[in-house]
Structures are given as C-alpha cells and as structure tokens.
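Everything below concerns the one structure shown next.
The values are calculated or read from the model by the stated rules, or taken from the named source; none is laboratory data. Note that this is a predicted model, so its numbers are computed, not measured. Every residue, glycine among them, receives a Cβ derived from its backbone with ideal geometry; neighbour counts consider all protein chains shown.
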Amino acid sequence: MTEPSHVIDAWIAQEAEIVQRLDAGPGPGLARPEQIAGKTGLEMMQAMLRGEIPFAAIAKTLDFTLLSVSPGVAVFQGTPLAQHLNPLGTIHGGWIATVLDSALGCAIHTMMPVGRSYTTAELSVNFVRGVTPQVQRVRAEGKVIHCGRQLATAEARLVGPDGKLYAHATTTCLVFEIPTPR
C-alpha cells in the first residue's frame, strides 16, 4: 500500500505533539471527582487533551491516541502493530472495533452536559478491508447523529492516510443522570 508521505508525516507529527503533552500530564488512569466536577463532557475531553486529567489506559495498551474533540466529534489515531495481528496476518477485528468504539463514545461524551453520562447499549462494526502493519496509521472519526435525554447515536469511519476506508461503525448509547454521592 502506498501512503502519501506528506499526509502520513503530518499525521505522525500531530500524534507526537499530543503524546508529548499527554506524557507530561498525569498519564493513563481515572480522573478524580474534583478534577471533573462541574465540567461538561466536552470540557472533560478538552482537559484530557491538554494533559490536565488522565486519559484512558486502554489507549496506551492498544497504541491509539485521541487527537481532537469538538461538539459531537472525536478523532482517534491508531498504530496497527504486529502485536495486534490475528492468526490470518491482519489486524484483529477487536482492535479495530475498540478504536471505532472510542471515537463513537467520545463523540457522544462531548455532548454530555454537567451531571449527565452515557454507556454503550449497541455497537455495530462493518469491516470493509483488512488492515495490516504496513498501514502506518489509521484514523477513526466519530460523529454524533442524535443526542437526546435518554438515547444518543453516532457513526464513525476508520480510514488510512490515503483516504481508503477500512471499517465503519454505529452505536446507540443510553444517556442518564450521574447519581450524586451520598
């Protein structure tokens, strides 16, 4: 596969800048309640990207990074590596699904007002073509389709630097009020 060198170079440079900022912050883990108190979902995601609060440990484990968030949108970039291969020599579908699920969920997270949260009720992934470690990076962009008081839906696409589509997904999430501590 031939990837346009200027695109992959830009992708890798953006990722390196964000990883440096995240590594300078608290690293992977869970934010303390006082770190996120009074923040909307978008504000939490932005604080995470600035390295002010921890990011999800699974991103480090599976070699993907949150690149950007805006209202209703989240973009992740992943590095398909040999340790992600299935026995057939392509990247395991679970890795692809996890990157897509992260983009979907975080896109919905950006729409959560203070005191509201969500959980995945349904995830559907369509694999269009195999990903191999020869694809240096893939990006998943999640976009909210609908966000209501009880349900939210989103869609995401996983593409390579050449724009080639590898997979796409949708989700339905339950939206709920965060229980207040007693």
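A single member of D101, D63 is in contact with a strand residue (DSSP E or B) (Cβ under 8 Å, 6 or more places away or on another chain), of a type in the set (D, E, K, R) and without any contact (Cβ under 8 Å) to a residue 24 or more places away in the chain, and it is D63.
Restricting attention to region 148-169, the residues being surrounded by fewer than 21 Cβ atoms within 10 Å (Cβ to Cβ) and within 23 Å of T40 (Cα to Cα) number 6. May I ask you to say which residue of H92, H109 is touching a helix residue (DSSP H, G or I) at 6+ places or on another chain (Cβ under 8 Å) and within 30 Å of S5 (Cα to Cα)? On inspection, the qualifying residue turns out to be H92.
Does A169 qualify as being in a strand (DSSP E or B), under 24 Å from W11 (Cβ atoms) and in contact with a helix residue (DSSP H, G or I) (Cβ under 7 Å, 6 or more places away or on another chain)? Yes, satisfied.
Residue pairs whose Cβ atoms lie under 7 Å apart, separated by 6 or more positions or on different chains, with the first residue in region 132-161 and under 13 Å from I108 (Cβ atoms) and the second surrounded by fewer than 22 Cβ atoms within 10 Å (Cβ to Cβ) and of a type in the set (D, E), are K143/E155; I145/E155; A156/E141. Please verify whether V131 is part of a loop (DSSP other than H, G, I, E, B), more than 20 Å from G72 (Cα to Cα), among the β-branched types (V, I, T) and at pLDDT 95 or above, treating the condition exactly as stated. Yes.
V75 - would you say it is hydrophobic (A, V, I, L, M, F, W, C), within 18 Å of R137 (Cβ to Cβ), part of a strand (DSSP E or B) and in contact with a strand residue (DSSP E or B) (Cβ under 8 Å, 6 or more places away or on another chain)? Step through it out loud before you land on a result.
On the way: hydrophobic (A, V, I, L, M, F, W, C): yes; within 18 Å of R137 (Cβ to Cβ): yes; part of a strand (DSSP E or B): yes; in contact with a strand residue (DSSP E or B) (Cβ under 8 Å, 6 or more places away or on another chain): yes.
Yes, satisfied.
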